[in-house]
Amino acid sequence: MRIDNLEDVTRFFKYLAEKRKVAFHPDDDFECYVNIEPGEPPCPPEECREFNAAMQQCFQVCQSVGEDIFLIGLETLKQ
């Protein structure tokens, strides 16, 4: 997964929220998330690492263009 611009950031956040049903926070490690039922991680460890790497790219993109990653995430989760 590659995040190169703000459109990619928004697309990744929407994927997490809408398709994967993850109420994420940009600062959190995906390996720390647990589904309430059945109490297991929402994805395998290798996918968590991929999501963590993508989130780091999101931080880099947002920083490079002066956008607030947390506001983007909040707006995505509010939709």
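In the full protein context, the range 6-62 carries 61 Å² of accessible surface per residue, based on a 1.4 Å probe and ignoring ligands, DNA and RNA. Going by a ≥ b ≥ c, the root eigenvalues of the Cα gyration tensor, does the range 25-79 fall in the rounded group (a/c under 1.5), the prolate group (a/b larger than b/c) or the oblate group? Since a/c reaches 1.5 but b/c is at least a/b, the shape of the range 25-79 is classed as oblate.
Note on exposure: ILE72, ILE3 ranked by accessible area (1.4 Å probe, complete protein assembly) read ILE72, ILE3, with the most exposed listed first. Computed over the chain, relative contact order equals 42 percent, with contacts defined as Cα pairs under 8 Å that lie 6+ residues apart.
Of the residues THR76, THR10, ranked by 1.4 Å probe accessible area with the largest first, the sequence reads THR10, THR76. For GLU50, the solvent-accessible surface computed with a 1.4 Å probe is close to 80 Å², ligands and nucleic acids excluded.
The values are calculated or read from the model by the stated rules, or taken from the named source; none is laboratory data. The structure presented is a predicted model; accordingly, all values stated were derived computationally and were not measured. For the accessible areas, the whole protein counts, side chains as well, though only heavy atoms, and no ligand, DNA or RNA atoms are used. Shrake-Rupley method; radii C 1.70, N 1.55, O 1.52, S 1.80 Å.
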